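Remarks on the structure that follows.
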Amino acid sequence: MVEKIAIIELNENALKLTIYKVEGAKNSIVLTQSQPFALGKEIEVAELLSPQTKNDILNILKVYRKMIEAYGVSKIIAVSSNILVKARNYRGFIDEIYNNTAINLIIMNDEDQIKYLFNSVVNSIDSPKGVFIYVGNYNSYVVKYNRRAILSSVVLPFGSYNSVDEQGDLDASLKNIKKKINFKDIVGDSEDEINYVGAGNAFLSLGKIHKKIARYPLDIDNNYVVTKEGLDATYNFIKGLELDKIRKIKGVSYDDADKIAGGLVAIKAIYEALNAQEVCITDANIRNGVFFQNVVLNCQERFSDLLTNSLENYYEFNKTEFSVNDLVYNMAIILFKQLKVMHKLPRYYVKPLRIASFMFDSGKSINSEDYIKHGFNKILYSGINGVSHRELLLAGFICTCQDLDEFSLNEWIKYKDILTEEDLDAVRKLGVIVKLAVALNASHKPIVQDIVCDILGESIIMKTVVEGDASYEILEGMKVAQDYRKVYKKSLQII
């Protein structure tokens, strides 16, 4: 049964509403709203919420309440960052919110925020063991974890808004806040290599700016890796810019511009204290962590890995009564195993194949007839988790290579710094496998259950294991024979 759940988040910068459509543990965002409020700055200065601010927040919450009712939401979860407790009149304000909107606003402490961030991190990026760093507006968290369990954590008294001194001297500020850091109890001395993950708007801004500097061809935030050298280059670039010029950087929001320098100071201090050589940036946030903790963890469903869950989540809200994505996926994996002697590809390519075969027709949401052409961008920008940018690109090109004539070498060259020469051969071979898997499910029924391949000289014979009449599947499968010969250099026979 599909239900709607709303998350309301009040933090130092904004009041946000997100409405999720939920089916078991599967979910899709159907509405996001955000209204900026300089709540943190006001409370830091006056230790009070002004009547105007309270009134403005209440008015927005009343509008959100009407939206929630219009969408048929069955559950509301409302949280606030702990900046609110610094306002001497916060208790009365919480009561006022409840009396006017029936919304029960829960204030999170540092432990809550760390827990929610951790839940979001481990469900957005495939890093089962490591240290995640979150740089907030007024404090930061460094958390060591292993296999979905937090081992230790530390709260640092600086963030994007309070890392830079009044003179605006970034280097002096960096030197000062490094004195406040001691990570020996968190990281320890015995580990040679640690995976570092960066979360929060400061890291997202770092990634966006570094991508501009490096001329990175993908506009994807999650799973973007920034090395120590990349951080230094970004830090030095921003250090030489006035605020107005920072605001003009494409991809950086106007509201975030004034805290980018402070965020980079905080990140650089933590990088250097940890001696981190690179950090993988995640788009994980508290909102998603709140949702996961309160909704997904309460379901009986469990998933084995991030990629599987991500693909199934995509399928849940995009399938139709005629969808055969799961059948094509299973057949593609069978063909990959059976044709191993032919394609000679390592297991690295299994993940891209899984994505491409499961999302072989994803472009239909743009154009139902010319869907192969549009599948590339759908795969890249559908928020698939658990894979690297290279693996996503490979999946997109595999999807494109269902029609070899659609493959463009000029398009491939755009990503030459991410992909390899071996990848070029692989996507063509795997594209043919996906095309064949689609053909062998032409009746939209699981008639072909298995495939057994025999290689005879210059030919390969595919013997179908069937339940029912597979003549149409074989007919459609043989239409792939020309592409098969072009890529695999052997003739194809299906029986």
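Readers should treat all values here as calculations from the given coordinates under stated rules, not as data from a laboratory. Values in this document were obtained by computation on a predicted structure and should not be read as measured data. All Cβ positions, even for glycine, are placed from backbone atoms using ideal geometry, and neighbour counts span all protein chains on display.
With P(r) over Cα pairs in 20 Å bins from 0, in percent as the read-out, I listed (1) 20, 48, 29, 3, 0; (2) 20, 55, 24, 1; (3) 21, 48, 26, 5, 0; which label goes with the value calculated from this structure?
Here P(r) over Cα pairs in 20 Å bins from 0, in percent agrees with entry (3).
Could you tell me how far the Cα centroid of the stretch 121-167 sits from the Cα centroid of the stretch 260-299, in Å?
5
Note the angle between two axes, namely the Cα long axis of helix 389-400 and the longest principal axis of the Cα atoms of the chain, as a number of degrees from 0 to 90, rounded to the nearest 10.
For 389-400 against the chain, the angle is about 40 degrees.
Send over the semi-axes of the stretch 125-283's equivalent ellipsoid, whole angstrom and largest first, taken as the square roots of 5 times the C-alpha gyration tensor eigenvalues.
24, 19, 13
May I ask for the angle, rounded to the nearest 10°, between helix 306-316 and the longest principal axis of the chain, with both axes built from Cα atoms and the value confined to 0 to 90°?
That helix lies at roughly 80 degrees to the long axis.
So what is the calculated 222 nm ellipticity per residue for the chain, using -39500 (n - 2.57) for each DSSP H run with n of 4 or more, over all residues, to the nearest 500 deg cm²/dmol?
-13500 deg cm²/dmol
Straight distance only, please: which aspartates and glutamates reach the Cα of Lys486 with their own Cα at less than 16 Å, same-chain residues fewer than 8 apart left out?
Within reach: Asp403, Asp405, Glu406, Asp425, Glu458.
Taking every DSSP beta bridge that has both residues in the stretch 125-283, what percent is antiparallel when rounded to the nearest 5?
Around 75 percent of the beta bridges assigned by DSSP in the stretch 125-283 are antiparallel ones.
To make sure I understand, if each residue's beta carbon is the centre and we count other beta carbons within 10 Å, what order do Ile181, Ile260, Ile494 fall in, fewest to most?
Fewest to most other Cβ atoms nearby, the residues stand as Ile181, Ile494, Ile260.
Magnitude of the Cβ-charge dipole of the chain, K/R +1 and D/E -1, about the Cα centre, nearest 20 debye?
Using Cβ point charges on Lys, Arg, Asp and Glu, the chain gives about 80 debye.
Roughly how many Å is it from the Cα centre of the stretch 345-387 to that of the stretch 54-79, as a whole number?
Here the answer is 36 Å between Cα centres.
Between their Cα atoms, which of Lys75/Lys373; Lys175/Lys245; Lys239/Lys416; Lys41/Lys175 are more than 32 Å away from each other?
From Lys75/Lys373; Lys175/Lys245; Lys239/Lys416; Lys41/Lys175, over 32 Å: Lys75/Lys373.
Each residue of the stretch 30-38 in turn: what ³J(HN,Hα) in whole Hz from Karplus with 6.51, -1.76, 1.60 and θ = phi - 60°, glycine and Pro shown as x?
10, 7, 10, 9, 8, 10, x, 9, 7
Where in the stretch 423-464 is the amide nitrogen less than 13 Å from a point lying 7 Å along the Cα-to-Cβ axis of Met478?
Within reach of a label on Met478, which here means backbone N under 13 Å from a point 7 Å along Cα→Cβ, the stretch 423-464 contributes 462.
Quote to one decimal, in nm, the extra length available between Asp454 and Lys344 on full extension: 0.36 nm per residue of separation minus the C-alpha distance between them.
38.0 nm
Any idea which of Leu105, Phe132, Leu151 is furthest toward the positive side of the dipole for the stretch 79-202, if Lys and Arg beta-carbons carry +1 and Asp and Glu beta-carbons -1?
Leu105
Cross-link candidates for Lys4: which aspartates and glutamates have Cα within less than 12 Å, leaving aside residues fewer than 8 places away along the same chain?
Glu23, Glu69
Rounded to the nearest 0.05, what FRET efficiency do Val30 and Glu421 give with R0 = 45 Å and r taken as the Cβ-Cβ distance? Could you check?
0.60
Determine the sum of side-chain charges near Val432: Lys and Arg each +1, Asp and Glu each -1, restricted to other residues whose C-beta is under 9 angstrom from that of Val432.
Taking every other residue near Val432 into account, the sum is +3.
I'd like to compare 398-404, 236-242, 471-477: which one has the highest average count of other Cβ atoms within 10 Å, and what's the full order after that?
398-404, 471-477, 236-242
Considering only the chain, what is the antiparallel percent among its DSSP beta bridges, to the nearest 5?
Of those bridges, close to 70 percent are antiparallel.
Could you list which residues have their amide H under 5 Å from that of Gly198, counting only those 5 or more apart in sequence or on another chain, with H placed in the peptide plane?
Amide H neighbours of Gly198, under 5 Å, 5+ apart: Ile133, Cys280, Ile281, Thr282.
Using the alpha-carbon atoms, what tilt in degrees (0 to 90, nearest 10) does helix 51-70 show relative to the longest principal axis of the chain?
The two axes meet at around 30 degrees.
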